[in-house]
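The values are calculated or read from the model by the stated rules, or taken from the named source; none is laboratory data. Since the structure is predicted, the reported quantities are computational estimates derived from the model, not experimental observations. Glycine gets a Cβ as well: all are built from the backbone with ideal geometry, and neighbour counts include every protein chain shown.
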Amino acid sequence: MVERCLAKAVVASSNLVFRSKTNDSSRGSASYMLIRRHSQVVRQRSAKPLSPSSNLGGASKIRCKNTEQEKLIMVDAKGKVIYQGMFFDDKTMEKLLQMEGSKGLPKKIKDMHVTFAYLPKELLPKAIVGQEYEIEVIGFGCDGKNCGFEVKLPNSLTEIYKGAEKVHITTSLNEGSKAVDTGKLDFVPLGESVRITGKMGVFKEGKPEFSYDDKQSNQPRNIRDIMMGNSGDRSSR
């Protein structure tokens, strides 16, 4: 049963939706997330526990009799980097929204950024975190669901970029749209490129940060260890 549940969970885990749980003082301090690859949406986790028949984000159903086994895909995400990249200040974000003009969509992105890696196994080199770099805005795209700009990175950053094929900044969305889909837009080249400056950092616990503890592991515990009841090494968490 354990092995069968493990196999189903591994398949399902690639399609799980990010859900964050922020506990109040009466519920303790644990923080959990269900992970969906490439999603940038954070949703409040329902207080109702997962049932064996729950369809998680359209993933294959996991049918395990042991409710503890159903929680194997719950990763202790407190302090983990959700994504890392280049972030922009209020002045730059306002400039991008002005460039959008009337084509902009209702939901404005709060922390505009270029995603260098999502759920990274390796964090950015510490030497560049907090450093500012100039990039070129070279194109704009909007399909009624996503609006954003295509950008060109300096050569010094291209080697560490692990994001979408089209380097981009999502600026606004329609309801129900996902920021990850901005990279699929057909960007129209701007008549003249625009230079903007961003700061390298990491996004965790709901906000961008421009430093991190290099002793902290960003990798979740091995799913098999959780399934088999092994605690694993928690010293780096």
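When K110 is tested against the conditions (1) touching a residue at least 24 places away in the same chain (Cβ under 8 Å); (2) surrounded by fewer than 16 Cβ atoms within 10 Å (Cβ to Cβ), the lone failure is (1).
For G130, the conditions (1) farther than 12 Å from I196 by Cβ; (2) crowded, with 16+ Cβ neighbours inside 10 Å are fulfilled apart from (2).
Yes or no: T92 under 13 Å from the mean Cα position of the chain (by Cα) and at pLDDT 95 or above? Here the answer is no, as T92 does not meet what is asked. With respect to the conditions (1) of a type in the set (G, A, S); (2) under 25 Å from F210 (Cβ atoms); (3) not in a loop (DSSP other than H, G, I, E, B), A127 lacks only one, and its number is (3). Note on the stretch 179-214: residues that are charged (D, E, K, R) and surrounded by fewer than 15 Cβ atoms within 10 Å (Cβ to Cβ) amount to 8. Taking the stretch 133-150 as the range and being buried (at least 16 other Cβ atoms within 10 Å of the Cβ) and free of Cβ contacts under 8 Å to residues at least 40 places away in the same chain as the test, the residues that pass are G148, E150.
The single condition among (1) under 21 Å from L153 (Cβ atoms); (2) part of a loop (DSSP other than H, G, I, E, B); (3) modelled with pLDDT of 95 or more that L105 does not meet is (1).
Just one residue in the set L157, L173 is farther than 19 Å from I196 by Cβ and either among the β-branched types (V, I, T) or surrounded by 15 or more Cβ atoms within 10 Å (Cβ to Cβ) (or both); that residue is L173.
Restricting L173, L190, L124 to those that are more than 19 Å from K91 (Cβ to Cβ), within 21 Å of the chain's Cα centre (by Cα), of a type in the set (A, V, I, L, M) and at pLDDT 95 or above reduces the list to L173.
Here the stretch 108-121 is the region considered, the condition is being under 13 Å from the mean Cα position of the chain (by Cα), of a type in the set (A, V, I, L, M, F, W, C) and part of a loop (DSSP other than H, G, I, E, B), and the residue that is modelled with the highest pLDDT is M112.
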